[in-house]
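Just so you know, all these numbers are worked out from the coordinates, no wet-lab data involved. Given the structure is predicted, the values throughout are model-derived calculations rather than measurements. Note that each Cβ is placed from the backbone with ideal geometry, even for glycine, and that neighbours are counted across all protein chains shown.
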Amino acid sequence: MTRLLEIENVSITFGGLKAIDDLNFHVDEGEIVSVIGPNGAGKTTFFNTITGLVTPQIGDIKFEGQSLIGLDPNEITARGLARTFQNVRLFPQMTILENVMVAQHCRTNQRVIGPLFRTAAWKKEEAEIRERAEKVLGFFGHRLVGYRLEQPAFVLSYANRRRLEIARAMATQPKLLLLDEPVAGMNPKESEELTHLIGRLRSEWGFSIVMIEHDMGVVRDVSDRVVVLDHGVTIAQGSYEEVSTNPTVIEAYLGKAAAESEGGGSLDSAAHSGEGAH
């Protein structure tokens with residue numbers, strides 16, 4: 001299987017505090033990998049490092065064999081990586097369609113002259129961008145199409161704003177999608193629907209996916225492999241079944257005393273009990 005992303009011995013320190021400590025990680029083409037861990041485990045820093053928002057002091061990050069170190073976030077997106085954020089970041093005054101169209105400009109060929117003089121080549125490219133945007137939005141069913149295309153993004157429900165952010169990431173034509181807590185704040189029905197969509201992102205669109213998620217039901221149902229971080233260190237990895245009963249993982253969520261009082265248990269109950277504990 002082709003190695004898509006490789007993180008090699010990466011360490012990141014903020015003011016003397018190690019957020020990531022000698023981290024090694026990889027994603028193979030076509031794989032869905034979930035990264036989990038208690039609050040403060042370094043998960044968001046992990047994503048920020050891959051996407052160029054944070055530069056590691058030590059180590060390397062390679063995508064398709066090429067280092068990403070020193071590249072700006074837009075350059076990394078152009079390489080084929082796209083992400084969503086834990087806190088939704090849309091252009092609220094732009095329409096739903098515009099939010100997805102603008103994401104494609106990292107792939108456009110027309111620069112200043114085309115839009116300035118509205119050349120035939122520019123018009124053709126804009127039509128293609130619109131068509132692709134509508135196709136991406138159609139992936140989410142009726143929720144983001146039809147009359148909603150011309151609505152400003154701020155009118156959407158929270159769940160639909162999260163869907164729109166995923167659509168915007170899809171529109172950049174990535175090979176690897178990084179999803180930061182995609183079902184956060186959703187009710188059980190919405191979470192179940194998005195869980196199904198995550199599987200379809202791979203099967204129908206061909207994306208490889210790395211996902212940070214606290215909802216263990218989602219992690220269990222979509223992941224090929226689960227990596228557990230605690231204080232910036234990998235403490236376990238493997239299938240969900242392998243990590244869900246790992247005593248070290250449960251202790252990381254609950255703390256040693258609480259884990260012992262639970263008599264082992266499973267990751268599902270530990271994650272629920274330990275939410276916000278770190």
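What the table below lists for this structure:
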quantity: All Cα pairs of the stretch 90-171, percent lying beyond 19 Å; calculated: 35 percent
quantity: DSSP loop trypsin sites (Lys or Arg not before Pro) with at most 12 other Cβ within 10 Å excluded, longest remaining stretch of the chain; calculated: 119-278
quantity: Candidates Met94, Met211, Met170, ranked by Gaussian network fluctuation over the chain, Cα under 10 Å, top entry; calculated: Met94
quantity: Amide H within-cut-off set for Gly30, under 5 Å, with H built and near neighbours excluded; calculated: Ser208
quantity: Counted charge near Ser11, where neighbours are those whose Cβ lies closer than 9 Å (Asp, Glu -1; Lys, Arg +1); calculated: -1
quantity: In Hz, Karplus ³J(HN,Hα) per residue of the stretch 100-105 (6.51, -1.76, 1.60; θ = phi - 60°; x = Gly, Pro); calculated: 8, 5, 5, 5, 8, 5
quantity: Gaussian network model of the chain, springs between alpha carbon atoms under 10 Å - residue of Glu213, Glu131, Glu165 with greatest fluctuation; calculated: Glu131
quantity: In nm, spacing of pseudo-spin labels at Thr248 and Arg200 (7 Å Cα→C-beta vector); calculated: 3.8 nm
quantity: Inter-site label distance for Val155 and Ala127 at 7 Å from Cα along Cβ, in nm; calculated: 2.8 nm
quantity: For the chain, calculated [θ]222 nm from helices alone, where every DSSP H run of n ≥ 4 adds -39500 (n - 2.57); calculated: -11000 deg cm²/dmol
quantity: Inter-site label distance for Gln93 and Glu134 at 7 Å from Cα along Cβ, in nm; calculated: 2.7 nm
quantity: Alpha-carbon spread of the chain, three principal axes, descending order, Å; calculated: 69, 42, 37
quantity: Local electrostatic count, Leu23, Cβ distance below 15 Å [Lys/Arg +1, Asp/Glu -1]; calculated: -3
quantity: Counting DSSP beta bridges with both ends in the chain, the antiparallel % (nearest 5); calculated: 55 percent
quantity: ³J(HN,Hα), Karplus 6.51/-1.76/1.60, whole Hz, each residue of the stretch 228-243, x for Gly, Pro; calculated: 10, 9, 8, 6, x, 10, 6, 9, 6, 7, x, 5, 4, 4, 5, 7
quantity: Those GluC sites (Glu not before Pro) in the stretch 1-106 that DSSP places in a loop and that have at most 16 other beta carbons within 10 Å; calculated: Glu29, Glu64
